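The structure appears right after this line, and notes come after that.
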Amino acid sequence: MRGAMAVLAASLLLVMAACGARTPGQEEEPTTLEVDNQSSLDMVIYVVRTSGERQRIGTATAHLRSRFRIPDRFMFGLTPLRFQADPIGSDRAPVSQEITVTPGDTVVLRIPPG
């Protein structure tokens with residue numbers, strides 16, 4: 001299990017989708033995290049600020065895609081964030097690399113099988 005979690009930590013993939021241009025008066029889309037959990041374990045997902053503050057945003061079920069809203073209080077213009085996937089039933093919780101997120105973006109986190 002320890003080797004699988006090391007592979008998981010090394011294999012977290014983040015992709016940021018570009019936002020469309022906004023028109024004046026148009027409300028900003030929510031900032032979201034899409035998790036493609038290809039693992040056989042359910043994962044508790046956290047968003048983590050560079051200050052170390054972390055907030056649980058949901059549970060990603062094994063072998064499914066899940067979508068979570070990143071809390072607005074975490075977003076201030078260009079915001080560096082990390083994401084933590086804590087496998088239920090395991091003592092390892094890999095954290096993604098830091099990624100700069102803009103309000104309204106969709107971030108995709110792929111958790112590989114293993």
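Quick note: the coordinates plus some simple rules give every number you see, no bench work behind them. Note that the coordinates shown come from a computational prediction; the quantities given were computed from them, not determined experimentally. All Cβ positions, even for glycine, are placed from backbone atoms using ideal geometry, and neighbour counts span all protein chains on display.
Below is a table of values for the structure above.
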{"quantity": "Residue list for the range 43-61, restricted to those being outside any strand (DSSP E or B) and either in contact with a strand residue (DSSP E or B) (Cβ under 6 Å, 6 or more places away or on another chain) or closer than 14 Å to Pro94 by Cβ (or both)", "calculated": "Thr50"}
{"quantity": "Considering residues of the range 72-91 that are of a type outside the set (Asp, Glu) and in a helix (DSSP H, G or I) only, the residue surrounded by the most Cβ atoms within 10 Å (Cβ to Cβ)", "calculated": "Phe74"}
